[in-house]
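The values are calculated or read from the model by the stated rules, or taken from the named source; none is laboratory data. Bear in mind the structure is a predicted one, so any value in this text is a computation, not a measurement. Ideal geometry is used to build each Cβ from the backbone, glycine not excepted, and the neighbour counts take in all protein chains shown.
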Amino acid sequence: MFEGVPFGHESTVTGEIVFTTSMSGYQESITDPAYKGQMLVSAFPMSGCYGTNDKYDISGKVHVSGLVVREYCKEPSDMYGGRTLHDYLKEQKVPGISGVDTRDIVGIIRDRGAMNAAIVHNEKDIADATKKLKKLDIGKEDLVSSVSTKTIKRIDNGKGIAVGIIDCGADRRMIDDLSKKYDVIVFPYDAKAKDVIAANVKALIISGGPGNPDNAKPVVKLIKELFPSMPMAGVALGALLIAKAFGCRTVKLKFGHHGCSQPVKHNEHVYITAQNHMHTVDQASMKGTGLVTDQSNVNDGTPEGFSHSSLPIFGVMYQPSSPKYDHRSYFYEKLDSIAGVRK
């Protein structure tokens with residue numbers, strides 16, 4: 001138990017607690033749908049220095065269940081003209097806690113792994129929160145359905161060639177990047193194969209998102225129905241779902257890969273990437289599936305990217321929509337290739 005100072009919305013919440021290593025980008029992190037059902041600890045000691053601004057949302061709302069920081073800035077720089085982190089979380093009805101030893105909390109998570117946690121505003125609620133924690137099992141929750149679009153959305157940019165996105169919790173930055181070169185069609189996670197085929201997309205992207213890949217069965221079914229003829233690319237959860245469709249197993253990491261400075265080795269070079277996922281592919285299970293690992297994490301050796309040996313299909317575990325990281329071009333160049341785009 002850690003005692004601290006509440007900020008944001010005054011309420012009690014539970015979730016799976018994880019930490020992020022990013023020094024900035026706190027608003028992008030808390031609005032990332034991949035954090036749905038999770039409570040986020042910032043390893044960097046100060047949050048909120050530059051306030052919040054709607055243009056930095058990557059999904060339109062906060063998805064973390066709660067935010068844990070060492071200190072939050074009550075008088076942020078006015079260079080962005082935004083609200084304080086406190087006001088933003090209060091508006092979004094998400095509680096935060098500050099004044100706690102986040103280094104200690106991060107150490108506990110690193111040693112013991114991600115676990116259930118609660119932010120409790122009133123001391124009298126501790127007993128009830130403890131009971132909820134014992135019952136909470138985020139691994140059994142269907143989180144993708146709660147963050148996916150409900151309808152097919154078309155973004156016609158007059159480009160003449162379209163790509164599709166299966167929205168498992170899509171990052172708005174990726175949609176913006178794709179819109180610079182393609183017309184974009186966003187499909188719900190439970191889209192029908194006939195609707196994707198009828199849209200005449202040249203490639204299909206399975207987006208990142210939250211939760212256990214074992215629970216996203218409609219997406220795996222869709223991939224199986226489409227992959228013999230449809231070029232595909234997967235990002236984070238999307239990559240795991242492609243792997244599952246080919247018969248691979250996925251396993252949960254001890255505390256996941258969250259935040260920045262995740263080193264990825266590819267073709268004898270090491271690239272720095274941004275990531276947000278709790279699961280990975282069991283590399284031994286890839287044997288005989290046609291999928292071949294071509295990128296790996298330098299820290300723990302887990303697969304960070306794969307390609308199919310004969311089909312135009314690949315996946316990456318990092319975020320290709322983060323311009324400050326130097327491996328983002330790989331995803332888009334490979335996508336151009338499988339979509340048949342000529343430079």
Tell me, which residue of the range 68-96 that is of a type in the set (A, V, I, L, M, F, W, C) and over 23 Å from the mean Cα position of the chain (by Cα) is nearest to Pro6 (Cα to Cα)?
Cys73
Please work out which one of (1) in a helix (DSSP H, G or I); (2) within 22 Å of the chain's Cα centre (by Cα); (3) farther than 20 Å from Leu67 by Cα is the condition Val163 fails and give its number.
(1)
Going by the conditions given, is Lys132 over 30 Å from Gly8 (Cα atoms) and either at pLDDT below 95 or charged (D, E, K, R) (or both)?
no
If Leu143 satisfies all but one of (1) surrounded by fewer than 22 Cβ atoms within 10 Å (Cβ to Cβ); (2) at pLDDT 95 or above; (3) over 13 Å from Ile205 (Cβ atoms), what's the number of the condition it fails?
(1)
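When the range 242-273 is examined, which residues are found to be in a helix (DSSP H, G or I) and either in contact with a Ser or Thr (Cβ under 9 Å, 6 or more places away or on another chain) or not assigned by TED's automatic domain parsing to the domain that holds Gly169 (or both)?
Ala243, Lys244
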Starting from residues that are touching a Ser or Thr at 6+ places or on another chain (Cβ under 7 Å) and surrounded by fewer than 24 Cβ atoms within 10 Å (Cβ to Cβ), keep the ones in the range 162-184 and report whichever is farthest from His277 (Cα to Cα).
Asp177
Quick one: in the range 215-227, which of the residues that are surrounded by fewer than 23 Cβ atoms within 10 Å (Cβ to Cβ) and touching a residue at least 40 places away in the same chain (Cβ under 8 Å) is nearest to Glu141 (Cα to Cα)?
Asn215
Scanning the range 63-81 residue by residue, the ones that are modelled with pLDDT under 95 and among the charged types (D, E, K, R) total 3
Subset tally (residues that are under 17 Å from Lys36 (Cβ atoms), polar (S, T, N, Q) and not in a strand (DSSP E or B)) for the range 113-128
0
Residue hits (the range 1-11; surrounded by 15 or more Cβ atoms within 10 Å (Cβ to Cβ) and modelled with pLDDT under 95) are Ser11
Going through (1) closer than 28 Å to Asp176 by Cα; (2) at pLDDT 95 or above; (3) hydrophobic (A, V, I, L, M, F, W, C); (4) surrounded by 21 or more Cβ atoms within 10 Å (Cβ to Cβ) one by one, Leu311 fails only at (4)
Within the range 26-58, which residues are surrounded by fewer than 23 Cβ atoms within 10 Å (Cβ to Cβ), not hydroxyl-bearing (Ser, Thr, Tyr) and not in a loop (DSSP other than H, G, I, E, B)?
Glu28, Met46, Asp54, Lys55
Across the range 191-207, which residue is surrounded by the most Cβ atoms within 10 Å (Cβ to Cβ) among those that are assigned to a loop (DSSP other than H, G, I, E, B) and either basic (Lys, Arg) or not assigned by TED's automatic domain parsing to the domain that holds Gly234 (or both)?
Lys202
Among the residues in the range 70-84, are any over 28 Å from Lys254 (Cα atoms), among the small types (Gly, Ala, Ser) and crowded, with 16+ Cβ neighbours inside 10 Å?
yes
First in the range 83-112 and assigned to a loop (DSSP other than H, G, I, E, B), second anywhere and of a type in the set (Val, Ile, Thr) and surrounded by fewer than 15 Cβ atoms within 10 Å (Cβ to Cβ), Cβ under 8 Å, 6 or more apart
Gly99/Val5
Candidate set from the range 12-25 (those that are touching a helix residue (DSSP H, G or I) at 6+ places or on another chain (Cβ under 7 Å) and outside any strand (DSSP E or B)); member that is surrounded by the fewest Cβ atoms within 10 Å (Cβ to Cβ):
Thr12
Where a residue in the range 35-49 is outside the structural domain of His257 (by TED's automatic domain parsing) and its partner, wherever it lies, is part of a strand (DSSP E or B) and of a type in the set (Asp, Glu), with Cβ under 7 Å and at least six apart
Gly37/Glu16; Gln38/Glu16; Met39/Glu16; Pro45/Glu71; Met46/Glu71
Across the range 33-53, the tally of residues that are in contact with a Gly (Cβ under 8 Å, 6 or more places away or on another chain), of a type outside the set (Gly, Ala, Ser) and over 15 Å from Tyr72 (Cβ atoms) stands at 5
Filtering the range 37-78 down to residues that are touching a Pro at 6+ places or on another chain (Cβ under 9 Å), under 24 Å from Val144 (Cα atoms) and aliphatic (A, V, I, L, M) yields Ile58, Leu67
